[in-house]
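The values are calculated or read from the model by the stated rules, or taken from the named source; none is laboratory data. Note that the structure is predicted; figures quoted are calculated from it, not measured. Virtual Cβ from ideal backbone geometry, glycine too; neighbours counted across all protein chains shown.
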Ligand SMILES: [Zn+2]
């Protein structure tokens, strides 16, 4: 067999991207249905305006939206740009994760983490609620990480508590005003999956991003003072995971660790 390695590589990336946009299209279902308490599997996807039941060729991620020019095939109602954006974002995220972690259990776990964080962020942004299913799902991923990397078990167990205990105290002392209970569970779950160093960095990044972007949004659009932390913490988790290691190594090096 003589397979050109470059060609092989490119086709792997295309496949990862396709997985990403297909899961991304499922994320749109999650984002729309979970806040309404609807089943994720029961009903077929349909147009919100005219009830037209979408056929398979209306459901091809990203491409259907482009071919339909963002309108329902039947009634021409505008389809939210959220759909292709979430699909594309998830596809690009999978490519970035695959490029960094290669063919590994980490890639699988981190892709699922990234997808959960995307859906959770949109829901938290809109409703100021993190549905408990998300931290539970991420905790499940964390248990798999722990079991597949038992040599480093302390990293993950400490990760579960390090940041979340501090946040739990803030939550408790502020009677839930400074911090949501969902944020506490989220950081516990992510700590179990990524280890405590990544988790601390994620919190720092999340707080910096949150304060900067929230101040800009308050200035620009008179956005209220209420702040959904979930999206910023989620961004912090992913940035720490993808690009945080050199920073962590440098910082630990200062203390000769
Ligand atoms: Zn329609």
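Find the residue count for the range 23-44, including only residues that are part of a helix (DSSP H, G or I) and under 21 Å from residue 94 (Cβ atoms).
Matching residues across the range 23-44 total 9.
Can you tell me which residue within the range 45-59, out of those that are in a loop (DSSP other than H, G, I, E, B) and either closer than 21 Å to residue 121 by Cβ or touching a helix residue (DSSP H, G or I) at 6+ places or on another chain (Cβ under 8 Å) (or both), is farthest from the ligand (Cβ to nearest atom)?
59
Taking the conditions exactly as written (at positive phi, within 16 Å of the ligand (Cβ to nearest atom) and without any contact (Cβ under 8 Å) to a residue 60 or more places away in the chain), does residue 37 satisfy them or not? So that I can check it myself, show each step before the final result.
Numbers: at positive phi: yes; within 16 Å of the ligand (Cβ to nearest atom): no; without any contact (Cβ under 8 Å) to a residue 60 or more places away in the chain: yes.
Criteria not met by residue 37.
Just to be sure I understand the filter: pairs with C-beta atoms under 6 Å, separated by 6 or more residues or on different chains, first member in the range 44-70 and on the phi > 0 side of the Ramachandran plot and assigned by TED's automatic domain parsing to the domain that holds residue 29, second member part of a loop (DSSP other than H, G, I, E, B) and within 14 Å of the ligand (Cβ to nearest atom). Which pairs pass?
70/79
Would you check which residues across the range 60-70 are within 16 Å of the ligand (Cβ to nearest atom) and under 22 Å from residue 119 (Cα atoms) and list them?
64, 65, 70, listed by residue number.
Of everything in the range 71-91, what is free of Cβ contacts under 8 Å to residues at least 12 places away in the same chain and within 12 Å of the ligand (Cβ to nearest atom)? Give them in sequence order.
71, 76, 78
Just need a number here: residues in the range 188-220 that are in contact (Cβ under 8 Å) with a residue 24 or more places away in the chain and crowded, with 19+ Cβ neighbours inside 10 Å.
Qualifying residue count, the range 188-220: 18.
Looking at the structure I just gave you, is residue 13 assigned to a helix (DSSP H, G or I), away from the ligand (no atom under 16 Å from the Cβ) and at pLDDT 90 or above? Steps first, please.
Values: assigned to a helix (DSSP H, G or I): yes; away from the ligand (no atom under 16 Å from the Cβ): yes; at pLDDT 90 or above: yes.
Spelling it out, residue 13 is indeed assigned to a helix (DSSP H, G or I), away from the ligand (no atom under 16 Å from the Cβ) and at pLDDT 90 or above.
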